[in-house]
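Take a look at the structure below.
The values are calculated or read from the model by the stated rules, or taken from the named source; none is laboratory data. Being a predicted model, the structure only gives us computed values, none of them experimental. Every residue, glycine among them, receives a Cβ derived from its backbone with ideal geometry; neighbour counts consider all protein chains shown.
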Amino acid sequence: MKKLIAQGAEAKIHLLDNKILKERIVKSYRHPVLDEQIRKSRTKRESKILIKAKEAGVNVPKVLNADKKGIPKDKYNLEIEFIEGDKLSETLNSYKKEKQFEVMEKLGKQVSILHEKDIIHGDLTTSNVIFSEDKIFIIDFGLGFISLRLEDKAVDLHLIKQALEAKHWQNWERLFKQFLEGYVWEKSKEVLEQLKKVEARGRYRH
């Protein structure tokens, strides 16, 4: 029996037989043909991104209902591995500082691998990170996409920085510093320079 465990604007998340069923929601305000195309393309895109990330060595849930090309057998629903563990948004503040720093550095390493493969998460917050059996798992790539642009990678970093500042404000600066200790790859310095520009634009708008 499937159990609804979360619902967002785009999808319902069910737990079914120790796996996750992500069901894209029909949007009645869209033309039925357009709605079908959008739901199908987003499901396919998320599946392919998860597979690409896993092949690169990133800890992400395994896609369970894709064919050899990475296309889900059900056009609108994605079946993925259920990762049991601590959602960082709920538990990071309760960890001892040493563990907090270790976890953030591990997250930085995982994100660096994503970006090295030009995978953008699109919603990189502590709500989409699970700590399980001493490993960091990144979940929910519903807004993910492939991009070569430094700007898109910088926005990912901006999102995690904002999440730390909002939910883990007690020592968010040190947590982000530890994240950056792990975020090391060929173009990491260029991404950090771009991050400064992203943040400057944000301040200007306000």
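Kindly indicate whether any position in region 166-178 is closer than 30 Å to Glu23 by Cβ and of a type outside the set (Val, Ile, Thr). For region 166-178, residues closer than 30 Å to Glu23 by Cβ and of a type outside the set (Val, Ile, Thr): present.
Checking each residue in region 123-142 for being at positive phi and under 8 Å from the mean Cα position of the chain (by Cα) picks out only Asp140.
Taking strands (runs of 3 or more DSSP E) that do not extend beyond region 6-84, which have at least 1 residues that are of a type in the set (S, T, N, Q)?
Details: elements: 11-16, 19-24, 77-81.
Filter on region 6-84 gives 77-81.
In summary, Thr43 fulfils each of the numbered conditions (1) in contact (Cβ under 8 Å) with a residue 12 or more places away in the chain; (2) over 30 Å from Phe179 (Cα atoms); (3) β-branched (Val, Ile, Thr) with the single exception of condition (2).
Condition check ((1) surrounded by 17 or more Cβ atoms within 10 Å (Cβ to Cβ); (2) of a type in the set (S, T, N, Q); (3) modelled with pLDDT of 95 or more) across all residues:
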position	(1), (2), (3)
Lys2	no, no, no
Ala6	no, no, no
Ser28	no, yes, no
Pro32	no, no, no
Arg39	yes, no, no
Ala56	no, no, yes
Lys62	no, no, yes
Asn65	no, yes, no
Lys68	no, no, no
